[in-house]
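Working notes for the structure below.
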Amino acid sequence: MTAIRRQDLHRHPAADWRRSLAALAAVALFAFAAACGGETTGAAATGDPWGTNTVMPADFAKEIAGAAGPDKPVVVCTAPPFLYGRGHIPGAVLHGPASSPDGLSSLTTWAQTLPRSTSLVIYCGCCPMRDCPNLRPAYAALKGLGFTKVRVLILPDSFGADWVERGYPIER
């Protein structure tokens, strides 16, 4: 016969349920972070591959408002199409998410037609920048093709929070 411990007699079934729910929530949170590219290895752990090749939203909004002709940078959105469709930086081109093989292939095929001295600014904004699955492959692909003027638009939280809600221009 199995001995029954005294503490087992006083254990409440709801406590087991709460522990199970907490464990399930932790697993779901981990899965969400992984799906958004939240790994902490490689470039993300050692620093972003673009280093200082960045531009802040306020500076970039001024830059695109005042630039014309060959001085105007080409803006590339690396986000999923549904986010681009809800609003994007005026004139931005979309080739699909750079984390997908089709999106990255579309980006590189398009980019091969441009002079390597073209000023490019890439952005995503799908999630917090540290977790973004699209920026790093897009940046690496463009640099790998020999582009010398590639910058990343710094959107720490999201395109909505760091661009739209601050009143910078968008088009739909």
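Taken together, the values in this text are just the output of simple stated rules run on the coordinates, not laboratory data. Just so it is clear, the model here is predicted, and its values are computed rather than measured. Cβ sites come from the backbone with ideal geometry, for glycine too, and all protein chains shown count toward neighbours.
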**Message:** Looking at region 109-127 only, could you name the residues that are free of Cβ contacts under 8 Å to residues at least 60 places away in the same chain and within 23 Å of residue 87 (Cα to Cα)?
**Reply:** 110, 111, 119, 120, 122, 123, 124, 125
**Asked** Scanning for something surrounded by 16 or more Cβ atoms within 10 Å (Cβ to Cβ) and free of Cβ contacts under 8 Å to residues at least 40 places away in the same chain, does region 146-154 turn up at least one residue?
**Response** yes
**Message:** Being among the basic types (Lys, Arg), touching a residue at least 40 places away in the same chain (Cβ under 8 Å) and crowded, with 16+ Cβ neighbours inside 10 Å: is that true of residue 136 here?
**Reply:** yes
**Message:** Name the residue that is surrounded by the fewest Cβ atoms within 10 Å (Cβ to Cβ), counting only residues in region 57-74 that are touching a strand residue (DSSP E or B) at 6+ places or on another chain (Cβ under 8 Å) and closer than 17 Å to residue 158 by Cβ.
**Reply:** 57
**Request:** Give me a count of the residues in region 90-128 that are among the aromatic types (Phe, Trp, Tyr) and within 19 Å of the chain's Cα centre (by Cα).
**Result:** 1
**Prompt:** Within the group 90, 137, 115, which residue is out of contact with any strand residue (DSSP E or B) (no Cβ under 9 Å at 6 or more places or on another chain) and outside any helix (DSSP H, G or I)?
**Reply:** 115
**Request:** Give the residues of region 140-172 that are under 16 Å from the mean Cα position of the chain (by Cα) and in a loop (DSSP other than H, G, I, E, B), sorted by residue number.
**Result:** 154, 155, 156, 157, 158
